[in-house]
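Just below is one structure, and these are the notes that go with it.
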Amino acid sequence: MSRAASSSHDKKMSAISCHNIIKRYGDTQVVHAFDLDVADNEFVVFLGPSGCGKSTILRMLAGLEDISGGDLHIGGRRVNDLPPQERGIAMVFQNYALYPHMTVRDNIAFGLKRLKVPKAEIDSRIKEVSDTLGLERYLQRRPTELSGGQQQRVAIARAMIKTPKVFLFDEPLSNLDAKLRNHMRIEIAKLHQTLKTTTVYVTHDQHEAMTLADRIVLLRDGRIEQVGSPKEIFERPRSAFVAGFIGTPPMNLVEMSVKDAGSHFELSGRGGVVHVNARRFALEGRERVTLGIRPAHLQVDVNGGRDGGFSGEVQLIEYLGNEVLVSFGGDDNEISALMPSAQSPRLHERVRFVADPQQVHLFDVETGASLLRDGTPLH
Ligand SMILES: Nc1ncnc2c1ncn2[C@@H]1O[C@H](COP(=O)(O)OP(=O)(O)O)[C@@H](O)[C@H]1O
Ligand SMILES: [Mg+2]
């Protein structure tokens, strides 16, 4: 069957629907009421710190792990109890797990041979897949004669050749060095543009998530913390946890005290004062709040005349090339600001930065929930 034919059948064939899915190991629950719909052709990334449940959920989708509760549908069919090979899924792992004694060609063909697919069809599929992934020249080699990136490409080829309805990736680039990781990330993005196969991709690397995902599912302790496009998650984090997890260098999170000044609230702390619009944030009756501001959203206050901002002595300057990351303030309450290298202050100089009021985030001190009022437009 040609790719065109195989991908043109029912449009919704590869949508995934997770409803109230839970996972228990003995008495310990590690995934709590997981609800998510992945659209046909969508590229969804599960992101979160180590141990938050990413692999467990992915393995339940694949059928490699029992589902303790809830419903999983793929292509409109309930698959909770369907064995992995009947789910139309192919999975790529962090350790590529290639067969060392087989050639690249045999590694790629293995799954189809096991399904007793006719040789002529296997040959034409191998040609198609190795063309797409640039593996033609390596088909006769053994995995040990390939670089890490090439081995990972073979693992992807082995998954692709089954023409799966859904691709699952579990940290596929973690074993590669930084340069190769970048390269392979771009290849995976291009592959998805070409094949458009519905994909769920697990990573703890926010950069991978931001660059690959149509939507990110940010997980924490087995629960969804936020689901949204990379832009939504970056611009409107729903909690201080999300705010601190997404973005490099990380957002400054500063506890401030709150004073109601009528049309605005005045926040103070850490050698700084920031005014925020009372219509944007639900601050009524609060004495303290966690303020979030990204290093790039602090600007040097050149003549010291602007309202609100943070002052302090420069403690550290990290040179990043075009920009410097300047840390200023006291010992355990430093704030960082990102600025053009050409404008870098000197070490120990006294500096003053103002926060762009449109870029300020506020969170509940205890729960970390965002205090942005519903309906406030994305800028
Ligand atoms: N076989 C298992 N038995 C018991 N606990 C497990 C098992 N596998 C994973 N866990 C626990 O489930 C949680 C989620 O693990 P995992 O899905 O591997 O996280 P991630 O992939 O996000 O790093 C962790 O707390 C982990 O210790
Ligand atoms: Mg994992």
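The values are calculated or read from the model by the stated rules, or taken from the named source; none is laboratory data. A quick note: this is a predicted structure, and the numbers were derived from the prediction, not measured. Note: ideal-geometry Cβ built from the backbone for every residue, glycine included; neighbour counts use all protein chains shown.
Scan Gly53, Gly70 and give me the residue that is more than 19 Å from Leu173 (Cβ to Cβ), assigned by TED's automatic domain parsing to the domain that holds Glu208, out of contact with any helix residue (DSSP H, G or I) (no Cβ under 7 Å at 6 or more places or on another chain) and within 16 Å of ligand 2 (Cβ to nearest atom).
On the way: Gly70 fails: within 16 Å of ligand 2 (Cβ to nearest atom).
None of the other options fit; the residue is Gly53.
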Inset, instruction - Run Gly269 past the list (1) buried (at least 20 other Cβ atoms within 10 Å of the Cβ); (2) under 27 Å from Glu323 (Cβ atoms); (3) free of Cβ contacts under 8 Å to residues at least 40 places away in the same chain and report the number of the one that doesn't hold. - result: (1)
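Residue-by-condition table, conditions (1) more than 11 Å from ligand 1 (Cβ to nearest atom); (2) modelled with pLDDT under 95; (3) over 16 Å from Pro164 (Cβ atoms):
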{"residue": "Cys18", "(1), (2), (3)": "yes, no, yes"}
{"residue": "Lys23", "(1), (2), (3)": "no, no, yes"}
{"residue": "Asp35", "(1), (2), (3)": "yes, no, yes"}
{"residue": "Val45", "(1), (2), (3)": "yes, no, yes"}
{"residue": "Gly63", "(1), (2), (3)": "yes, no, no"}
{"residue": "Asp81", "(1), (2), (3)": "yes, no, yes"}
{"residue": "Tyr96", "(1), (2), (3)": "yes, yes, yes"}
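Rundown of residues vs (1) of a type in the set (Asp, Glu); (2) under 15 Å from Leu371 (Cα atoms); (3) in contact with a strand residue (DSSP E or B) (Cβ under 9 Å, 6 or more places away or on another chain), yes/no style:
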position	(1), (2), (3)
Asp221	yes, no, yes
Glu232	yes, no, yes
Pro237	no, yes, yes
Val258	no, yes, yes
His264	no, yes, yes
Gly269	no, no, yes
Inset, instruction - Could you run through the range 266-292 and say how many residues are under 15 Å from Asp364 (Cα atoms) and of a type outside the set (Val, Ile, Thr)? - result: 12
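Per-residue answers, yes or no, for (1) surrounded by 22 or more Cβ atoms within 10 Å (Cβ to Cβ); (2) within 16 Å of ligand 2 (Cβ to nearest atom):
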residue: Ser174; (1), (2): no, yes
residue: Arg181; (1), (2): no, no
residue: Glu187; (1), (2): no, no
residue: Lys190; (1), (2): no, no
residue: Gln193; (1), (2): no, no
residue: Lys196; (1), (2): no, no
residue: Thr199; (1), (2): yes, no
residue: His204; (1), (2): no, yes
residue: Thr211; (1), (2): no, no
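Restricting to helices (runs of 4 or more DSSP H) lying wholly in the range 165-265: which have 2 or more residues that are under 12 Å from the mean Cα position of the chain (by Cα)? Give the steps one after another, and end with the answer.
Values: elements: 178-195, 206-212, 230-235, 240-245.
Helices (runs of 4 or more DSSP H) meeting the threshold: 206-212, 230-235, 240-245.
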Legend entry - Answer residue from the range 147-172, given it is of a type in the set (A, V, I, L, M) and touching a helix residue (DSSP H, G or I) at 6+ places or on another chain (Cβ under 6 Å) and is farthest from ligand 2 (Cβ to nearest atom) among those: Ile161
Inset, instruction - Output the residues belonging to the range 68-96 that are touching a residue at least 24 places away in the same chain (Cβ under 8 Å) and over 24 Å from the mean Cα position of the chain (by Cα). - result: Ser68, Gly69, Gly70, Asp71, Gly75, Gly76, Arg87, Gly88
